[in-house]
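The values are calculated or read from the model by the stated rules, or taken from the named source; none is laboratory data. Nothing here was measured: the structure is a model prediction, and the numbers come from that model. Cβ placement follows ideal geometry from the backbone for every residue including glycine, while neighbour counts extend to all protein chains displayed.
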Amino acid sequence: MFAYLRLLLLSVLSCLPSFAAQVVVNVATADGKPLRDALVIVQDLDHREKEAYRALTDGQGITPPHELLPGLYRAIGIFPYSRWQPDVREFIVTGQAAEILLRLPEVSSLDTITVAIGRVSVRVIDAAGQPVSGARVLVRDANATPQSEHWGSTDAKGQTSLELSLEPAVLLVVYKDRLYRFPANAFDTERTLQLK
């Protein structure tokens with residue numbers, strides 16, 4: 001009897017719809033030429049940057065499709081030991097197929113050392129100018145090096161304070177299953193980010 005119920009349960013579960021979405025990553029040079037054999041690493045940011053998968057691009061610069069559950073992810077495109085710099089994009093999977101575009105610029109300088117230079121006070125407001133409470137905010141450099149990443153959450157006034165590395169390049173706001181991307185720099189000590 002137990003074996004029959006177990007078999008019945010497994011057959012019912014296999015008929016339920018999947019909420020996973022098919023994701024492909026497209027990697028090209030800054031001017032849009034596809035990069036074959038670029039390494040793509042996809043991290044699950046909802047689970048402490050756990051690696052979801054890694055793959056090499058084909059002749060058109062595209063990875064094989066992968067099924068991902070809804071959540072916040074990061075795609076990192078690298079071409080080790082070449083003239084191409086990494087590119088990094090965070091993205092949200094909501095149940096619909098997605099294509100993530102990565103553009104690898106050519107190397108223009110030697111590697112830099114990450115140095116903390118202070119803090120940035122961030123205020124997040126909605127389209128009507130009201131404070132956004134409970135938003136997750138990230139500041140990082142262009143390559144998402146671990147030393148450059150600093151997270152915070154906005155309080156009731158929509159504010160948080162984040163440490164800055166020497167070359168901050170991106171501010172991200174995650175709020176209500178949406179991702180907002182803003183440029184960052186080393187000069188601003190206060191920023192207001194409006195979600196539209």
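Quick notes on this one:
- Some residue of the range 57-80 being of a type in the set (Asp, Glu), out of contact with any helix residue (DSSP H, G or I) (no Cβ under 6 Å at 6 or more places or on another chain) and under 21 Å from Glu149 (Cβ atoms): no
- Hits in the range 152-190 (condition: crowded, with 17+ Cβ neighbours inside 10 Å, outside any strand (DSSP E or B) and free of Cβ contacts under 8 Å to residues at least 40 places away in the same chain): Thr154, Gly158, Ala169
- Number of residues in the range 44-77 that are over 14 Å from Ile100 (Cβ atoms) and in contact (Cβ under 8 Å) with a residue 40 or more places away in the chain: the value is 3.
- Residues that are aliphatic (A, V, I, L, M) and over 22 Å from Gly71 (Cα atoms) within the range 154-181 comprise Ala156, Leu162, Leu164, Leu166, Ala169, listed in sequence order.
- Matching entry among Ala184, Ala135, Ala144 (being within 16 Å of the chain's Cα centre (by Cα), at pLDDT below 90 and not assigned by TED's automatic domain parsing to the domain that holds Leu56): Ala144
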